[in-house]
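The values are calculated or read from the model by the stated rules, or taken from the named source; none is laboratory data. Keep in mind that what you see is a predicted model, and the values were worked out from it rather than measured. Neighbour counts are summed over all protein chains in view; Cβ atoms, including those assigned to glycine, are modelled from backbone coordinates with ideal geometry.
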Amino acid sequence: MKKLKYIFILGIILCVAFFVGKNKIMQKAQQIRLDFMSEMKEATMIENVPFIKQLPELPRGCEVTSLAMLLQYKGIQIDKMQLASEIHRVPFEQNGLKGNPYEGFVGNIYTKSEPGYGVYNQPIFNLAEKYIPEKVLNLTGRDVQDVYKVISSGSPVWVIINTTFKPLAESSFETWNTSSGEVKITYYEHSVVVVGYDQNFVYVNDPLKNNPRFAVPRAEFEKAWEQMGKQAITIL
């Protein structure tokens, strides 16, 4: 009996190791594919990217609303409310420590009458993988030229930015103590989908705007994106 139990547990461990290893291999393959993409075009615009507003239902739901645009563009019929219900969440504050947006959506996504913040790239990546496995690429930490190369290839890009689309003063940030260490946050945090660019502007589907393809000065956008940790996700 003990031997059978051991074999069963070993089997589970091997299965988990297989799938974790498979995911790492797929991510590496996608990274290699990105590295071999053709050079970025001087200008490009991706047509027909769905435009979805986050309000009034999701006052803090820019990240999942932008993900809904990305998934719908790839043919996945999913709406922002479904994604909002499925995103992994963490408490705004527990035992004197704040929630970590790198681990899940912090606080309440549905109303600003209760504490809340937002969510960063990894939980969004994990949720996207649920709907279109092995095709989601986390571009976080890559150079902005890689973002433009992906857009040149015809794939829009989910990013973390701020609502001003320009670099913020240091006074706009604060440091949270979380259960996994210090995290720098700003309440100007925002998420949009990049759908195009040219020499002067980056064009985004901003879930807080009334129309798609909002033009943002390119140099300021790049600095603001870098300031927020170069967070970006796409679906190839």
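The listed residues are Thr140, Thr175, and the only one of them that is free of Cβ contacts under 8 Å to residues at least 12 places away in the same chain and closer than 26 Å to Pro91 by Cβ turns out to be Thr175. Residues in segment 113-157 that are of a type in the set (Val, Ile, Thr), under 21 Å from Val202 (Cα atoms) and not in a loop (DSSP other than H, G, I, E, B): Val144, Val147, Val150, Ile151, Val157. Of everything in segment 57-91, what is outside any helix (DSSP H, G or I), free of Cβ contacts under 8 Å to residues at least 12 places away in the same chain and small (Gly, Ala, Ser)? Give them in sequence order. Once the filter is applied, which keeps residues that are outside any helix (DSSP H, G or I), free of Cβ contacts under 8 Å to residues at least 12 places away in the same chain and small (Gly, Ala, Ser), segment 57-91 yields only Gly75. Candidates Tyr197, Tyr102: the one that is farther than 22 Å from Glu47 by Cβ and touching a helix residue (DSSP H, G or I) at 6+ places or on another chain (Cβ under 8 Å) is Tyr102.
Just to check your reading of the model, which residue among Val157, Val136, Val193, Val202 is more than 16 Å from Val64 (Cα to Cα), of a type outside the set (Asp, Glu), at pLDDT 95 or above and crowded, with 21+ Cβ neighbours inside 10 Å?
Val202
The residue of segment 163-190 that is farthest from Val216 (Cα to Cα), among those that are among the small types (Gly, Ala, Ser) and in a loop (DSSP other than H, G, I, E, B), is Ser179. For segment 198-226, a tally of residues being among the polar types (S, T, N, Q) and within 15 Å of the chain's Cα centre (by Cα) returns 1.
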